[in-house]
Amino acid sequence: NAGVTQTPKFRILKIGQSMTLQCTQDMNHNYMYWYRQDPGMGLKLIYYSVGAGITDKGEVPNGYNVSRSTTEDFPLRLELAAPSQTSVYFCASSSLQQVVGQPQHFGDGTRLSIL
Amino acid sequence: GESVGLHLPTLSVQEGDNSIINCAYSNSASDYFIWYKQESGKGPQFIIDIRSNMDKRQGQRVTVLLNKTVKHLSLQIAATQPGDSAVYFCAENMAGGGADGLTFGKGTHLIIQP
């Protein structure tokens, strides 16, 4: 199993541009999450999904959109990139709700710079 | 402010010694806690987790202790190895086991001295 795969690994955007960060998992997990990590900080939740067709806002959703048309894929969309969105973005998935031994599995991140 | 935090931003230990990384949380309603290890350029890697109805849980070379009275969580790593060098995050779920993601602390950088 590949686990959680994120693409691209790196990207530089100009202010006002848009892009989609891709995330796919091959573990048949129902739950998927998007986090951002700023330098020297922990991760903050942007959006999450409990299954195909269902998404919900996390702690820092402004400036982002998500969709969940399939179990495997959970893309994150930036419509109008701003410098404050410069960060490392992590996608995660889990099979169950915070059950001991069934943790969230993370991808290796997308490093995004907005200039 | 942060509901989950760490007492020390950096912890330096000798190779072969035991490491203890501490974490404080403020929400008494949190009922799931987890430790992740993050190496440079990588995503968080699961180490061990625990629920609020437990005081202790052990894995391979790692132990998590939960003290609900003082809202304190710790990660003990036995016989620390060079490969243990990383940033360690504690995280909690504040929704009583819901699916709305984890709240992370800022992390502790564990440095292994040869």
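FYI, it's all coordinate maths here, none of it is from the lab. What you see is a predicted model; the values in this text were computed from it and never measured. Note that each Cβ is placed from the backbone with ideal geometry, even for glycine, and that neighbours are counted across all protein chains shown.
Distance between the pseudo-spin-label points of B:Arg61 and A:Met41 (7 Å out from Cα toward the beta carbon): 3.2 nm. Applying a threshold of 28 Å to the alpha-carbon distances of A:Lys44/B:Lys71; A:Lys14/A:Lys57; A:Lys44/B:Lys37; A:Lys14/A:Lys44; A:Lys9/B:Lys68 flags A:Lys9/B:Lys68 as lying beyond it. Taken along its principal axes, the alpha carbon cloud of the stretch B:4-113 reaches lengths of 38, 28, 23 Å, longest axis first.
Considering only beta bridges that DSSP places wholly inside the protein assembly as shown, some 90 percent are antiparallel. Per residue of B:38-48, other chain Cβ atoms within 10 Å of the residue Cβ number 5 on average. For trypsin sites (Lys or Arg not before Pro), the sites in the stretch A:1-85 that DSSP calls loop and that have at most 10 other Cβ atoms within 10 Å are A:Lys14.
What the phi angles of the stretch A:84-96 give under the Karplus curve with 6.51, -1.76 and 1.60, with θ = phi - 60°, is a coupling list of 5, 8, 5, 5, 9, 10, 10, 9, 9, 9, 8, 7, 10 Hz, glycine and proline written as x.
Please find the FRET efficiency linking A:Asp73 to A:Gln17, where r is the Cβ-Cβ separation and R0 is fixed at 22 Å, and quote it to the nearest 0.05. Here the calculated transfer efficiency is 0.50. By the compact-protein rule of thumb, 2.2 N^0.38 Å, the alpha-carbon radius of gyration of the protein assembly as shown corresponds to a ratio of 1.00. For the stretch A:4-114, the calculated P(r), taken from all Cα-Cα distances in 10 Å bins from zero up to the bin holding the longest distance, is 15, 51, 29, 5, 0 percent.
Other residues within the sphere of radius under 13 Å centred on the Cβ of B:Pro82, judged by their own Cβ, net out at -4 (K and R +1, D and E -1). Distance from the Cα centroid of the stretch A:99-115 to that of the stretch B:35-114 is 16 Å (rounded to whole angstrom). Take the Cβ atoms of B:Gln76 and A:Leu96, set R0 to 30 Å, and the FRET efficiency comes out at 0.70.
Placing R0 at 22 angstrom, the Cβ-Cβ distance between A:Asn62 and B:Lys42 gives a FRET efficiency of 0.20 after rounding to 0.05.
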